[in-house]
Amino acid sequence: MSDLNQTIAERVAEVAEDLELQAGLKLSNKQLDELRITGRVTIDLVTIAPYLPKIIKYLHQSDDEDVVWLLLINTISGDAEITLKGCQLML
């Protein structure tokens, strides 16, 4: 496995662990694959809504450099997006 693939796999595992331990949200294998392949996973806002208070609390109480992912709400689609940090180039 290349270094990049190893890093991605570790970060995806960390996201899954954070969400499950801190909020009780378990990502499906399909969601984990989407995150691993694209660097982000989209979750319907209705599905993630019960977990949002705990996720937001975790993100606010954690040091930014210790969390390898971002939570975004897409105002057009109405979905939540969990994105690996460092996988986008903003132009």
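Would you be able to say whether some residue in the range 52-64 is assigned to a helix (DSSP H, G or I), modelled with pLDDT under 95 and of a type in the set (D, E, K, R)?
yes
Please enumerate the residues belonging to the range 35-82 that are surrounded by fewer than 12 Cβ atoms within 10 Å (Cβ to Cβ) and either of a type in the set (Gly, Ala, Ser) or within 22 Å of residue 13 (Cβ to Cβ) (or both).
Of everything in the range 35-82, those that are surrounded by fewer than 12 Cβ atoms within 10 Å (Cβ to Cβ) and either of a type in the set (Gly, Ala, Ser) or within 22 Å of residue 13 (Cβ to Cβ) (or both) turn out to be 37, 47, 49, 61, 63, 64, 65, 66, 77, 78.
Which condition breaks for residue 43 when tested against (1) part of a strand (DSSP E or B); (2) at pLDDT below 95?
(2)
Go through (1) part of a helix (DSSP H, G or I); (2) at pLDDT below 95; (3) surrounded by 10 or more Cβ atoms within 10 Å (Cβ to Cβ) one by one and return the number of the condition residue 14 breaks.
Failed condition: (2).
The values are calculated or read from the model by the stated rules, or taken from the named source; none is laboratory data. If you're wondering where the values come from, they're calculated on a predicted model, not measured in any experiment. We place every Cβ from the backbone using ideal geometry, glycine too, and count neighbours over all the protein chains shown.
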